[in-house]
Amino acid sequence: MEKLVNEVAKSTTSGLTSSISTIVGTVLGTLFIRRNTRVEEFEKIKAGHYDSVLGELLSSNKMTYYELYKCKNFLHVAELADAMKEDFEKEQAEVSNDFDFDWFMRFFDAVSVISDEEVQKLWARIMSEETTHKGSFSLRTLETLRNLSRNEAVEFQKLAAIALDRSMVFSQMGNVNQSINEGFGFTNSSLRLMEECGLLNGLVVKSDLELDPGESGGLENSGNLLMLKNITNKPLVLSYSAFNLTKVGNELLPIVGRESENSIYLFELGRAIQADNTNLKVSIHAVNGFDSDLEIVTYDEADLLEGYCE
């Protein structure tokens, strides 16, 4: 059996990129081989003719309708993941076919029972990312996403839209508080739900931003940078609080965030902070680039907030 599985892994699934096809062939090939697959069926597996093999396994009572349903869901997610690779041009060169077999078997177990199209898209993004950057998602993240309902996924999208520095949700700075978040649909009940789902730490974390005269500090959201500049002639300490994402939340945020970006949030937050603090010059700038650690490298000098506030 091990020899046959290895042969499937080396085969190319028609219509899919090499990295995706290798995974699909290995996972489904392993499941099919356990059904005492005939030589001719095995050849169809290597050729990527899964629909034909599924039909034969079903008609010969080697597969139940429920197992067929699970395989179909997995194949659909793989097709979505493959399309995402092309859309985002994530494979600039041939990607290594090295992958964690046990991880993808767990992935199959989770995704095979998901039929909701929107939730399948989340799984497809994870598959696309994992095949390009091995180890991007932990097994704990798979288990958390597996247990998310569609409504919980929608709430997490609301969180993703207002997340700052890809790691936290604003709570309070001076007289500016969580009401700013509620205007974008992220209420106190949303916060508690995300805590229950294991995506957000419900404990408020307090921090201080120390700024010398003329010095600036910033917060990023949706590709824009909110700059807070000390315009006084003495050191200034800005106290603020936030809720930090969990490790699972941090892993899932970039996947959900692609569909959830809302640059208006940062403008509303900046305008509220400016109105509450005359010691600051608040501005917003478009980010031009990040380094490998997602730290901001360059940004435009133009202040986008001035035009927004007019």
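The values are calculated or read from the model by the stated rules, or taken from the named source; none is laboratory data. Everything numeric in this text was worked out from a predicted model, so none of it was measured. Cβ sites come from the backbone with ideal geometry, for glycine too, and all protein chains shown count toward neighbours. Ligands, DNA and RNA are excluded from the accessible area calculation, which covers all protein heavy atoms including side chains. Shrake-Rupley method; radii C 1.70, N 1.55, O 1.52, S 1.80 Å.
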- Looking at segment 190-222, which of the residues that are of a type in the set (G, A, S) and out of contact with any strand residue (DSSP E or B) (no Cβ under 7 Å at 6 or more places or on another chain) is surrounded by the most Cβ atoms within 10 Å (Cβ to Cβ)? S190
- Output the residues belonging to segment 271-310 that are modelled with pLDDT under 85 and open to solvent by less than 80 Å² (accessible area, probe 1.4 Å). G289, F290, D291, I296, G307, Y308, C309
- Yes or no: R150 touching a residue at least 12 places away in the same chain (Cβ under 8 Å), over 29 Å from T26 (Cα atoms) and open to solvent by 50 Å² or more (accessible area, probe 1.4 Å)? yes
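So, in segment 203-251, exactly how many residues are acidic (D, E) and in contact with a Ser or Thr (Cβ under 6 Å, 6 or more places away or on another chain)?
Selection size over segment 203-251: 2.
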- Among L225, L252, L245, which is open to solvent by less than 40 Å² (accessible area, probe 1.4 Å) and under 21 Å from G270 (Cβ atoms)? L225
- With (1) touching a Pro at 6+ places or on another chain (Cβ under 8 Å); (2) open to solvent by less than 10 Å² (accessible area, probe 1.4 Å) as the list, and V169 as the residue in question, which single condition is left unmet? (1)
- Query: Looking only at residues in segment 156-180 that are among the polar types (S, T, N, Q) and touching a residue at least 24 places away in the same chain (Cβ under 8 Å), which one is nearest to V119 (Cα to Cα)?
  - Reply: Q157
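Residues checked against (1) open to solvent by less than 10 Å² (accessible area, probe 1.4 Å); (2) out of contact with any strand residue (DSSP E or B) (no Cβ under 7 Å at 6 or more places or on another chain); (3) modelled with pLDDT under 65:
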residue	(1), (2), (3)
L16	no, yes, no
S19	yes, yes, no
G25	yes, yes, no
L28	yes, yes, no
E41	yes, yes, yes
K44	no, yes, yes
L57	yes, yes, no
- How about segment 108-130: which of its residues are closer than 18 Å to K70 by Cβ, under 15 Å from the mean Cα position of the chain (by Cα) and crowded, with 21+ Cβ neighbours inside 10 Å? L122, W123, A124, I126, M127
- Message: So, L139, is that one at negative phi, touching a strand residue (DSSP E or B) at 6+ places or on another chain (Cβ under 7 Å) and not basic (K, R) or not?
- Response: no
- Task: Give the residues of segment 185-215 that are assigned to a loop (DSSP other than H, G, I, E, B), under 29 Å from K281 (Cα atoms) and either charged (D, E, K, R) or within 20 Å of the chain's Cα centre (by Cα) (or both), sorted by residue number.
- Result: G185, F186, D212, E215
- Residue among E130, E86 that is among the acidic types (D, E), on the phi < 0 side of the Ramachandran plot and at pLDDT below 90: E86
